[in-house]
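Coordinate-derived values only; no laboratory data. Bear in mind that the values here come from a model prediction, so they are computed numbers and not experimental data. Note that each Cβ is placed from the backbone with ideal geometry, even for glycine, and that neighbours are counted across all protein chains shown.
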Amino acid sequence: MYYWIYETGKTVHFIGLISWFAGLFYLPRLFIYHVEALEKLEPERSIMAAQFGLMEKRLYNIIMNPAMIITYIGGFTMIFYYGWDWFAANSWMQWKLGFVFLLTGYHHYSKGIIRKLSAGKIPMSSTKLRYYNEIATVILLAIVLLAVFKSRLDFIYAFVSIIIFVLLLVLGIRLYRRLRG
């Protein structure tokens with residue numbers, strides 16, 4: 001019976017996680033397009049801004065919020081299956097959960113960006129939003145590396161990999177900006 005709970009929790013967790021990250025990856029792209037639409041002349045500005053605002057709200061409320069809740073339910077079901085002693089003994093899981101809470105903060109901060117854009121305010125430039133777009137990617141990388149490399153030494157290698165990945169992302173964004181003109 002407990003094994004069935006674990007497998008169901010794991011399945012629910014993965015489905016929620018994939019759906020949540022799909023939204024976390026797409027929403028900042030919509031922010032970029034929304035900001036660029038707000039910089040256009042009327043009537044294109046109003047039409048595009050209204051459409052992007054609608055897309056952002058639907059993505060956030062209909063896909064991202066339920067997916068986040070499903071991710072949490074599945075994850076805590078697996079922790080329940082293993083037990084408190086297991087959780088307390090595995091610092092990698094505590095770090096992973098810390099990154100999940102950080103990701104939740106990112107999720108809720110995005111709601112604030114939606115509100116500002118809906119009011120016609122530009123919270124940050126499209127370039128800064130491109131950097132913002134990569135935060136979820138870096139957090140995902142940290143979570144996956146923690147889940148795969150559970151020992152401290154392996155995590156140090158993984159953490160160095162994250163830093164290198166972030167530097168490559170920054171260079172890629174800067175190169176894109178130069179090429180775009």
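Is there a quick way to get the dipole size of the chain? I mean about its Cα centre, with the Cβ of Lys and Arg at +1 and of Asp and Glu at -1; what is the value in debye to the nearest 20?
My answer is approximately 560 debye.
Quick check of the Kirkwood formula: for the chain, what is the inverse mean of 1/r over all pairs of different Cα atoms, in Å?
Taking every pair of different Cα atoms in the chain, averaging 1/r and inverting gives 18.1 Å.
Do any of K40/K128; K40/K111; K10/K150; K96/K116; K96/K121; K40/K116 go past 28 Å between their Cα atoms, and which?
Violating the 28 Å Cα-Cα cut-off are K96/K116; K96/K121.
Can you compute the modelled spin-label distance between V160 and T8, with each label point 7 Å from Cα toward Cβ, in nm?
4.4 nm
For the ranges 42-53, 70-81, what's the packing order if you count other beta-carbon atoms within 10 Å of each residue, average per peptide, and put the highest first?
Peptide ranking by packing, descending: 70-81, 42-53.
Only helical DSSP H runs with n ≥ 4 go in: add -39500 (n - 2.57) per run for the chain, normalise by residue count and round the 222 nm mean residue ellipticity to 500 deg cm²/dmol.
Calculated from helices alone, the mean residue ellipticity at 222 nm is -30000 deg cm²/dmol.
Apply the membrane-span-like helix rule to the chain: whole DSSP H runs, Cα extent along the own long axis of at least 20 Å, mean Kyte-Doolittle hydropathy at least 0.0. List the helices found.
The answer, listed by residue number, is 2-38, 65-82, 91-118, 126-148, 152-180.
I69 to Q94: extension gain in nm, 0.36 nm per residue of separation minus the Cα-Cα distance?
Once the chain is fully extended between I69 and Q94, it gains 7.1 nm.
Given the options L168, H34, A89, identify the residue whose Cα lies farthest towards the positive end of the charge dipole of the chain (+1 on Cβ of Lys, Arg; -1 on Cβ of Asp, Glu).
It is H34, whose Cα lies furthest towards the positive end.
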